[in-house]
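Shown next, in structure tokens, is the structure this report addresses.
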Amino acid sequence: MTETSLFTPVHFQERHSRIISASPRACLDAVEAFKSENDPFIRFCLGVRDLPGRLIRGPSAHRFNMESFTPLGRNGDSNVSFGLAGSFWRWDYGLNRDEAQGSRFWAAQGMSARLLLSFETTRLAENLTCLETRTQISCPDVTTRRKMAVYWSVIRPVSGLIRRRMLVAVAEMTEKY
């Protein structure tokens, strides 16, 4: 894995950070162990987003969570990245697992929007780390960018709340280490 800002251009993005009383390693270990279903607020938000799929497909509809992302790699104690390729505005998310895999994800070829979710650490002092989460989305064409813009305008505030809750959860998890 190389830099986590590999998209050119990035059409949509958001960043959130938190100072955590833990080592960078403990922070990234907690990120990798995080389960969205363990947080009632995140579970509720994702349940609302999953509702159209459940109404259309019933119990077999995709339930969105961290396992929906493809792990793209970890660079020691400095960062870890996850990828998602799809048409996120669709009721079924239009996830494309083939396009989300390794080098195919980084090549950014195909018809899907690409979402890169990265977590980066900065050691501030012994057992004091700034953990930043960055969401970057790149769209392959104008049509996809327009659809994503409408979806992003609705989902971004909730996405930001979810990312901040993840950072709180990571801080709480690291207290166990």
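The values are calculated or read from the model by the stated rules, or taken from the named source; none is laboratory data. Here the structure is a predicted model, which is why all the values come from computation and not from measurement. Cβ atoms come from the backbone with ideal geometry, glycine included; neighbour counts cover every protein chain shown. The protein model used for the area step is the full one, side chains on, heavy atoms only, and it has no ligands, DNA or RNA in it. Shrake-Rupley method; radii C 1.70, N 1.55, O 1.52, S 1.80 Å.
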task = Filter region 106-135 for residues that are open to solvent by 40 Å² or more (accessible area, probe 1.4 Å), modelled with pLDDT of 95 or more and polar (S, T, N, Q) and give the result.
result = T122
task = Check L28 against each of (1) within 13 Å of the chain's Cα centre (by Cα); (2) open to solvent by less than 20 Å² (accessible area, probe 1.4 Å); (3) not hydroxyl-bearing (S, T, Y) and name the one condition it does not meet.
result = (1)
note = Residue pairs within 8 Å by beta carbon, gap of at least six or interchain, first lying in region 77-95 and among the charged types (D, E, K, R), second crowded, with 20+ Cβ neighbours inside 10 Å, listed first then second, are D77/P24; D77/L28; D77/T121
key: Unmet requirement for A33, which otherwise passes all of (1) surrounded by 17 or more Cβ atoms within 10 Å (Cβ to Cβ); (2) at pLDDT 95 or above; (3) under 15 Å from the mean Cα position of the chain (by Cα)   = (1)
inquiry  = Kindly evaluate N75 against the criterion of being surrounded by fewer than 21 Cβ atoms within 10 Å (Cβ to Cβ), modelled with pLDDT under 95 and not aliphatic (A, V, I, L, M).
reply    = no
key: Subset of region 15-25 [buried (at least 18 other Cβ atoms within 10 Å of the Cβ) and not in a strand (DSSP E or B)]   = A22, S23, P24
ask   = How about region 45-63: which of its residues are open to solvent by 40 Å² or more (accessible area, probe 1.4 Å) and either modelled with pLDDT of 95 or more or assigned to a loop (DSSP other than H, G, I, E, B) (or both)?
value = H62, R63
request  = Working only within region 47-70, note down all residues that are closer than 15 Å to N96 by Cα and free of Cβ contacts under 8 Å to residues at least 12 places away in the same chain.
outcome  = E67
query = Just for region 156-177: of the residues that are basic (K, R) and over 12 Å from S17 (Cα atoms), which one is least open to solvent (accessible area, probe 1.4 Å)?
reply = R156
remark   = Picked from region 5-14 (must be in contact with a Ser or Thr (Cβ under 7 Å, 6 or more places away or on another chain) and within 27 Å of L128 (Cα to Cα)), the residue least open to solvent (accessible area, probe 1.4 Å) is E14
